[in-house]
1. Scan (1) touching a residue at least 40 places away in the same chain (Cβ under 8 Å); (2) of a type outside the set (A, V, I, L, M); (3) within 8 Å of the ligand (Cβ to nearest atom) for the single condition N252 breaks and write down its number.
2. Go through region 255-304 and report how many residues are in contact with a strand residue (DSSP E or B) (Cβ under 6 Å, 6 or more places away or on another chain) and acidic (D, E).
3. Six or more apart or on different chains, Cβ under 6 Å: which pairs go from a residue in region 167-186 that's hydroxyl-bearing (S, T, Y) to one that's outside any helix (DSSP H, G or I) and surrounded by 15 or more Cβ atoms within 10 Å (Cβ to Cβ)? Could you list them?
4. State the number of residues belonging to region 156-179 that are touching a Gly at 6+ places or on another chain (Cβ under 8 Å) and in a helix (DSSP H, G or I).
5. For Q110, state whether it is open to solvent by 50 Å² or more (accessible area, probe 1.4 Å), within 17 Å of I54 (Cα to Cα) and either in contact (Cβ under 8 Å) with a residue 24 or more places away in the chain or assigned to a strand (DSSP E or B) (or both).
6. Among V146, V154, V163, which is the only one that is at pLDDT 90 or above and exposed (fewer than 11 other Cβ atoms within 10 Å of the Cβ)?
7. For region 207-257, give me each residue that is within 22 Å of I268 (Cα to Cα), β-branched (V, I, T) and crowded, with 16+ Cβ neighbours inside 10 Å.
8. List every residue pair whose Cβ atoms lie under 7 Å apart, where the two residues are 6 or more positions apart in sequence or sit on different chains, the first residue falls within region 113-130 and is at pLDDT 90 or above, and the second residue, located anywhere, is among the small types (G, A, S).
Amino acid sequence: MKYRIRNATIQDIEKILVMLRKAHPCDPRYLAMDAREYIKKFMREPYYKTSNHILLFNDEDLVGELLASPDVGYGILKNNSLGLRLNILPEHISTYTITLLLQTVEKIAQEQGFVELQVTLDSEDKLKEFLEAQGFKYDSSGYWMVKEDCTLPVLQNMQGFVVRHIKQDEIFQFYKTVNLAFSTDENWKPYEYEEFAQKYIYPEYVDFNGYFVALDGEKFVGTVVAWAHNSPNAIFPGGEIRALGVLPEYRNKGIGSFLLARALEFLISRRITKFYLGTDSYNTPALAIYRRFGFRVWREHLRYKKRIG
Ligand SMILES: CC(C)(COP(=O)(O)OP(=O)(O)OC[C@H]1O[C@@H](n2cnc3c(N)ncnc32)[C@H](O)[C@@H]1OP(=O)(O)O)[C@@H](O)C(=O)NCCC(=O)NCCS
């Protein structure tokens, strides 16, 4: 079989979407996505460049792709690390096709000053053994967790702290607090304000009534976001919890649990009874809280890393 690679252009989007749906037949993200949404998400400078989106053709058929960006959906990677979205149709997975894509991206990554590649795979993904053969090593897992009941644990009183809705003019302070709370995470960089706004202010499902802050006096010390995806067109119908964070010096006082409870109460008041969130296998404190609240792991993604250069 004759394979060739080239960079993606805007004209390729429909083809790419067809290929992604073939590679992930049940993935709601790609089923619902159209070209406009694709451009907004995956062709946006500065984190996405067409030079970093490589397509694999077999004769005229698009059979694989590799998209390299430090923005991996949940945030921007730290440590000069480049995230890869790698998809090859199963019948075209081979040492040859993988090497072709990875060698190209390694070269690009080095030219752009990146020192590490990261890729996340479903636990059943056939690409696993091929990546290991290319020097990728398992690092950690990302979890999607789900809770399908409305019971909340009994929480102790938080002495001296208050949790309340944010006001519209407090969004910038809220953003700053999210960045400070997540600064201890080894994988994620602080958001630029515009990046934060694209995820947390502009989308049509944003409702600031679901944004809560914890206060020590006047000081913002914790954050949480609850999104109600309850329209029939929602990709995951249910409530999504995001940006649960507490400043390092305020942790282990029950603030995170209190914030999560308020976020879930908000969603329940919007008649939502199924909740989900994403977290990492190394995030022991977060996992402890989520399990206590009745969340269980629904899907696991394996994160592989490779140092380059
Ligand atoms: C996760 C986070 C929000 C928790 O906030 P918090 O105010 O400390 O939370 P709480 O005090 O309510 O609860 C902390 C829980 O973690 C547990 N915990 C803390 N450190 C732990 C550790 N190293 N190992 C195991 N459990 C730990 C505590 O025992 C407690 O669980 P318990 O109530 O069952 O005893 C906070 O650690 C944080 O901001 N982390 C960085 C941002 C982040 O990763 N957010 C989650 C994104 S998915």
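The values are calculated or read from the model by the stated rules, or taken from the named source; none is laboratory data. Every value quoted in this text rests on a predicted model; they were computed, and no experiment measured them. Glycine gets a Cβ as well: all are built from the backbone with ideal geometry, and neighbour counts include every protein chain shown. Each accessible area value is taken on the protein alone, full model and side chains, heavy atoms only, with ligands, DNA and RNA left out. Shrake-Rupley method; radii C 1.70, N 1.55, O 1.52, S 1.80 Å.
1. (1)
2. 2
3. Partner pairs satisfying both residue conditions: T177/F220; T177/T223.
4. Total meeting the criteria: 2.
5. yes
6. Exactly one of V146, V154, V163 is at pLDDT 90 or above and exposed (fewer than 11 other Cβ atoms within 10 Å of the Cβ), namely V154.
7. Of everything in region 207-257, those that are within 22 Å of I268 (Cα to Cα), β-branched (V, I, T) and crowded, with 16+ Cβ neighbours inside 10 Å turn out to be V213, T223, V224, V225, I241, I255.
8. From region 113-130, the pairs are F114/S81; V115/G309; E116/S81; L117/A109; Q118/S81; Q118/G83; T120/G142.
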